Structure formats: C-alpha cells, structure tokens
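Asks: Sharing a structure with you now.
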Amino acid sequence: MIYNRELDTLLLNKQNDFFDTARITSLAVSNGKIKSFVLAGPAGVGKSFGIEKALKDRQNIVFVGGHVSNGGLYTILFNNRFNDKTIVFDDSDSILQSEISLGLLKHALESKPIRHIAWVSQARLKNYDGSELPPDFDFEASIIFLSNLNLSQIAEKNTKLSPHIEAIISRSVYLDAYKIFDSPRAFLVRINELKGYIFKAEKINPTGASIISEFINTHYLELRELSLRLIVKLSQIYKIVGPAKFMKIAKLLTGK
C-alpha cells in the first residue's frame, strides 16, 4: 500500500462529517423534529451501527429488520402510528421493490405532522392479534429508513420504480453515503478508522491486530469485499489458524 496521508485525511474528514450528520439527524427524528430520514449507502460501512448507537437510550424506537411485505408494512405503520414513536427500517429494501409498499411509504414519509394512510382492497388485513385492521388511519410517527441500495442512481434511471424513489428522496431528509464511498481507498480508510473497536470485541491481541491490518492494507485491491464485516471475518480466521497460516488462508477465503 502506498500511503497518501493528505488523501486519507481528506477522506476520513468527509466520512466523520457524514456520520456525525447522520447521528444528529437521527436524534432529531427521534425527537419528532424531523418526520423522515433516509440514509442510503453500501453495506458494511457502519450505517446501522451508528444509528443504533445514537438511539440506544431512546425508549420510543421500534426497529424493523429484514423482509417486509405490503400488508406487513401497513400493519407496522398502524401499530406504531403515534406521535411519540420512531420506526427504524433496516435491511428492509424489499419495501422499495413493490409499488404498493412504495405508495404506503411515500405517504408515511411526508413532512406533514399528520399523514393519512389507506389500504383500499376487498381483502381486509388482520393485525397480529387476529383483529381486523381499519381501511385507513392517521399516521403521526417519524421514520428512519436505512437502505443498501444506491437510491440516487435508481431515481435517475428510467424504470417504473424511479419516480417512486425520486419522490421518497424528495419527501425526506436524505443522505447518500455512495457519494463518499466511491473508491476502494475510501472503504480502506473507514476500515482502518474503526478496526480497533472490532479487534477489541473479537479479543484479538496486538500481534494479531498487526497481522490482520498488514493483510488488509497490502491486499485491499485484491479482496472480494471491503467492509467492516471483513474485519470480523479475518479476526475469526486468525483465531482459528493463528499467525503462521493466516496470510495464506485469509487470501484464499477473502480474495476475489
């Protein structure tokens, strides 16, 4: 790796400013001062970790992760519709693949204090307790939506989903991490900034931390992925094989 301290400092400052802004905005959403915040960016750069850390002491947060169906989204919005609630959607990009869910989400992300959400269908939805959900309701909660999709890029494409994604960006406070993680070097800077926390969590000793760091900084252009999850994987590999075989086995398991 050829060091460029000036470039790395510039990239790190941009990243720190970005995630500090994300933290401040998340807190504003949890306080009801902002009704919707969309944070898009590549996987494994700490989006979820930063938001969860910022909101860990808040009692009004509802975290939703994974696949969410159309009816599931309506149910989640109804059950958490109150003004003191903040819903955090994480790894729920399935919502953005459906025009029905996108329609519901667009209404929920409006900046108005009260938004009206409706499910107009002959098929009536059931709540978790088996009771019938109403066909419409007033929604006052706030929403944070974390996406791994490049939403800006999707909005610019001429597809059936593009106008919906453009509307979501327009209705929300929006941050795009793809703009700052636009090169392998940017990912490497982020990894080097936060790897110490992961080494500590994984109980990696200083010798192991040095060996893993050398591996990443030497081979970062040859690796299958560059993310904070890579540090976890390499730490686990190191604990299994030790220092003597680490370089060879790590390259086989994580190389392109």
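Asks: Strictly over 31 Å apart at the Cα level, which of Lys56/Lys179; Lys53/Lys203; Lys47/Lys126; Lys179/Lys233; Lys14/Lys53 would you flag in this model?
Replies: Lys47/Lys126
Asks: Report, largest value first, the span of the C-alpha coordinates of segment 14-116 along each principal axis, in whole Å.
Replies: Here the Cα extents, ordered largest to smallest, are 37, 27, 21 Å.
Asks: Helix-only estimate, please: 222 nm mean residue ellipticity of the chain, summing -39500 (n - 2.57) across DSSP H runs of length 4 or more and dividing by its residues, to the nearest 500.
Replies: When only DSSP H runs of four or more count, the value is -16500 deg cm²/dmol.
Asks: To continue, here is another question. Which aspartates and glutamates does Lys157 reach when only Cα atoms under 20 Å apart count, and residues fewer than 8 places away in its own chain are ignored?
Replies: Lys157 reaches Asp93, Glu99, Glu166, Asp176, Asp182.
Asks: Just to confirm, what accessible area per residue do you get for the chain at 1.4 Å probe, in whole Å²?
Replies: Working: 13410 Å² over 256 residues.
Accessible area per residue, the chain: 52 Å².
Asks: Please report the antiparallel percentage of the DSSP beta bridges confined to the chain, to the nearest 5.
Replies: On the way: 6 of 25 bridges.
Close to 25 percent.
Asks: Straight-line reach only, C-alpha to C-alpha below 14 angstrom: list the aspartates and glutamates that Lys239 could link to, leaving out same-chain residues fewer than 8 apart.
Replies: Of all the aspartates and glutamates, those that pass the test against Lys239 - Cα under 14 Å, at least 8 places apart if same chain - are Glu202.
Asks: Next question. Go through segment 179-196 residue by residue and turn each phi into a ³J(HN,Hα) via Karplus (6.51, -1.76, 1.60, θ = phi - 60°); whole Hz please, and just put x for glycine and proline.
Replies: In residue order, the calculated couplings are 6, 9, 9, 10, 7, x, 5, 5, 5, 4, 4, 5, 4, 5, 6, 10, 4, x Hz.
Asks: Tell me which residues come under 5 Å, amide H to amide H, from Ile87 once H is placed; ignore anything under 5 positions away on its chain.
Replies: Answer set, sorted by chain and number: Val62, Ser142, Ile143, Ile144.
Asks: Please work out the Cα center distance from segment 103-136 to segment 165-201, rounded to the nearest Å.
Replies: What the calculation gives is 32 Å, centre to centre.
Asks: Once you've got the GNM for the chain with C-alpha springs shorter than 10 Å, pick whichever of Ser227, Ser30, Ser170 has the biggest mean-square fluctuation.
Replies: Highest fluctuation among the options: Ser170.
Asks: Taking the Cβ-Cβ separation of Gln153 and Lys112 as r and a Förster radius of 41 Å, what is the calculated FRET efficiency to the nearest 0.05?
Replies: For Gln153 and Lys112, the calculated efficiency is 0.90.
Asks: So, counting K/R as plus one and D/E as minus one, what does the shell of residues with Cβ under 14 Å around Leu12 add up to?
Replies: 0
Asks: In a Gaussian network model over the chain where Cα atoms closer than 10 Å are linked, find which of Ile24, Ile191, Ile212 has the largest mean-square fluctuation.
Replies: Most flexible of the set in this elastic network: Ile24.
Asks: Using the Karplus curve 6.51 cos²θ - 1.76 cosθ + 1.60 with θ = phi - 60°, work out ³J(HN,Hα) for each residue of segment 201-212 in order, rounded to whole Hz, and write x for Gly and Pro.
Replies: 5, 8, 6, 8, 6, x, 5, x, 4, 5, 5, 5
Asks: For the chain, which whole percent of the accessible surface, found with a 1.4 angstrom probe, sits on carbon and sulfur atoms?
Replies: Solvent-exposed carbon and sulfur of the chain make up 54 percent of the total.
The values are calculated or read from the model by the stated rules, or taken from the named source; none is laboratory data. Note that the structure is a prediction, hence the values are computed from the model and not measured. Cβ coordinates were reconstructed from backbone atoms using ideal geometry, including for glycine residues, and neighbour counts include every protein chain displayed. Ligands, DNA and RNA are stripped out before the accessible areas are found, and what is left, the full protein with its side chains, is counted by its heavy atoms. Shrake-Rupley method; radii C 1.70, N 1.55, O 1.52, S 1.80 Å.
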